[in-house]
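Here's the structure we're looking at; comments come further down.
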Amino acid sequence: MTFHSRSVTSGRLAAALALVASLALSACVSTPGPQVKGPGLCKADGLEWAVGKPADEATMRKLSAQSGAGLVNPIGPDTITTRDLRQDRLRVFIDKQNVITAVRCE
(Lines give C-alpha, C1' and ligand atoms only; values in the text may rest on other atoms or scores of the structure.)
Protein backbone atom coordinates (compact mmCIF):
# COMPACT_ATOMS: atom_id res chain seq x y z
CA MET A 1 0.00 0.00 0.00
CA THR A 2 2.89 2.38 0.71
CA PHE A 3 4.29 1.72 -2.74
CA HIS A 4 0.94 2.69 -4.33
CA SER A 5 0.77 6.05 -2.51
CA ARG A 6 4.35 6.88 -3.60
CA SER A 7 3.39 6.16 -7.21
CA VAL A 8 0.39 8.48 -6.96
CA THR A 9 2.54 11.22 -5.37
CA SER A 10 5.21 10.80 -8.06
CA GLY A 11 2.55 10.97 -10.76
CA ARG A 12 1.11 14.17 -9.33
CA LEU A 13 4.57 15.70 -9.07
CA ALA A 14 5.37 14.78 -12.66
CA ALA A 15 2.05 16.26 -13.84
CA ALA A 16 2.68 19.47 -11.89
CA LEU A 17 6.18 19.79 -13.33
CA ALA A 18 4.88 19.22 -16.85
CA LEU A 19 2.25 21.92 -16.35
CA VAL A 20 4.81 24.43 -15.05
CA ALA A 21 7.17 23.67 -17.94
CA SER A 22 4.45 24.10 -20.56
CA LEU A 23 3.35 27.40 -19.03
CA ALA A 24 6.92 28.67 -18.99
CA LEU A 25 7.44 27.73 -22.64
CA SER A 26 4.17 29.28 -23.75
CA ALA A 27 5.17 32.57 -22.12
CA CYS A 28 8.32 32.63 -24.25
CA VAL A 29 6.52 32.00 -27.52
CA SER A 30 3.69 34.46 -27.01
CA THR A 31 5.87 37.57 -27.32
CA PRO A 32 5.51 38.96 -30.84
CA GLY A 33 8.65 39.79 -32.79
CA PRO A 34 9.40 43.06 -34.54
CA GLN A 35 7.03 44.16 -37.27
CA VAL A 36 8.67 44.23 -40.70
CA LYS A 37 7.26 46.71 -43.18
CA GLY A 38 7.81 46.05 -46.86
CA PRO A 39 9.47 42.98 -48.38
CA GLY A 40 11.99 42.51 -45.56
CA LEU A 41 14.98 42.79 -47.90
CA CYS A 42 18.12 44.23 -46.32
CA LYS A 43 19.72 47.37 -47.75
CA ALA A 44 22.92 48.52 -46.02
CA ASP A 45 23.25 51.79 -47.93
CA GLY A 46 23.54 54.70 -45.51
CA LEU A 47 24.07 52.61 -42.38
CA GLU A 48 27.74 53.61 -41.91
CA TRP A 49 26.63 56.09 -39.22
CA ALA A 50 26.25 53.14 -36.81
CA VAL A 51 29.95 52.16 -36.85
CA GLY A 52 31.49 53.39 -33.60
CA LYS A 53 28.11 53.73 -31.85
CA PRO A 54 27.05 51.63 -28.85
CA ALA A 55 25.02 48.55 -29.77
CA ASP A 56 22.10 49.50 -27.55
CA GLU A 57 18.42 48.82 -28.17
CA ALA A 58 17.73 52.24 -29.70
CA THR A 59 20.58 51.88 -32.22
CA MET A 60 19.54 48.33 -33.16
CA ARG A 61 15.92 49.41 -33.68
CA LYS A 62 17.05 52.32 -35.87
CA LEU A 63 19.26 49.98 -37.92
CA SER A 64 16.36 47.57 -38.31
CA ALA A 65 14.01 50.31 -39.50
CA GLN A 66 16.52 51.94 -41.88
CA SER A 67 17.79 48.70 -43.42
CA GLY A 68 14.36 47.16 -43.99
CA ALA A 69 15.82 43.81 -42.92
CA GLY A 70 13.49 41.11 -41.69
CA LEU A 71 16.20 39.88 -39.29
CA VAL A 72 18.83 41.87 -37.38
CA ASN A 73 21.60 39.56 -36.21
CA PRO A 74 24.04 40.98 -33.62
CA ILE A 75 27.43 39.28 -33.91
CA GLY A 76 29.72 39.45 -30.87
CA PRO A 77 33.50 38.93 -30.96
CA ASP A 78 33.19 35.24 -30.05
CA THR A 79 30.08 34.48 -32.12
CA ILE A 80 30.39 31.72 -34.69
CA THR A 81 28.49 32.48 -37.88
CA THR A 82 27.42 30.49 -40.90
CA ARG A 83 28.38 31.41 -44.44
CA ASP A 84 24.86 31.24 -45.81
CA LEU A 85 23.62 34.41 -47.46
CA ARG A 86 20.18 35.76 -46.69
CA GLN A 87 18.72 38.78 -48.43
CA ASP A 88 16.62 39.62 -45.38
CA ARG A 89 19.41 39.60 -42.74
CA LEU A 90 21.39 42.53 -41.36
CA ARG A 91 24.45 41.47 -39.39
CA VAL A 92 25.71 43.97 -36.82
CA PHE A 93 29.26 43.20 -35.71
CA ILE A 94 30.01 44.24 -32.12
CA ASP A 95 33.30 44.32 -30.19
CA LYS A 96 33.94 43.45 -26.54
CA GLN A 97 33.04 46.99 -25.44
CA ASN A 98 29.60 46.66 -27.12
CA VAL A 99 30.56 49.07 -29.89
CA ILE A 100 29.46 48.44 -33.48
CA THR A 101 32.43 47.71 -35.77
CA ALA A 102 30.60 46.81 -39.01
CA VAL A 103 27.10 46.57 -40.47
CA ARG A 104 26.46 44.29 -43.46
CA CYS A 105 23.59 42.63 -45.27
CA GLU A 106 24.54 38.96 -45.58
Inset, instruction - With a ≥ b ≥ c taken as the square roots of the eigenvalues of the C-alpha gyration tensor of segment 47-106, please select rounded if a/c is under 1.5 and otherwise prolate if a/b is larger than b/c or oblate if it is not? - result: oblate
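Which order do peptides 87-94, 56-63 fall in by mean Cβ count within 10 Å, highest first?
Details: 87-94: 19.4, 56-63: 13.9.
So the order, starting with the most tightly packed, is 87-94, 56-63.
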Inset, instruction - Grab the other residues whose beta carbon is less than 12 angstrom from that of residue 103, score K and R as +1, D and E as -1, and report the net. - result: +3
Legend entry - Area of residue 45 that stays accessible when all protein chains are in place (1.4 Å probe, Å², to 10): 140 Å²
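The values are calculated or read from the model by the stated rules, or taken from the named source; none is laboratory data. Note that the structure is a prediction, hence the values are computed from the model and not measured. Virtual Cβ from ideal backbone geometry, glycine too; neighbours counted across all protein chains shown. Protein only, heavy atoms only, side chains kept; ligands, DNA and RNA dropped before computing areas. Shrake-Rupley method; radii C 1.70, N 1.55, O 1.52, S 1.80 Å.
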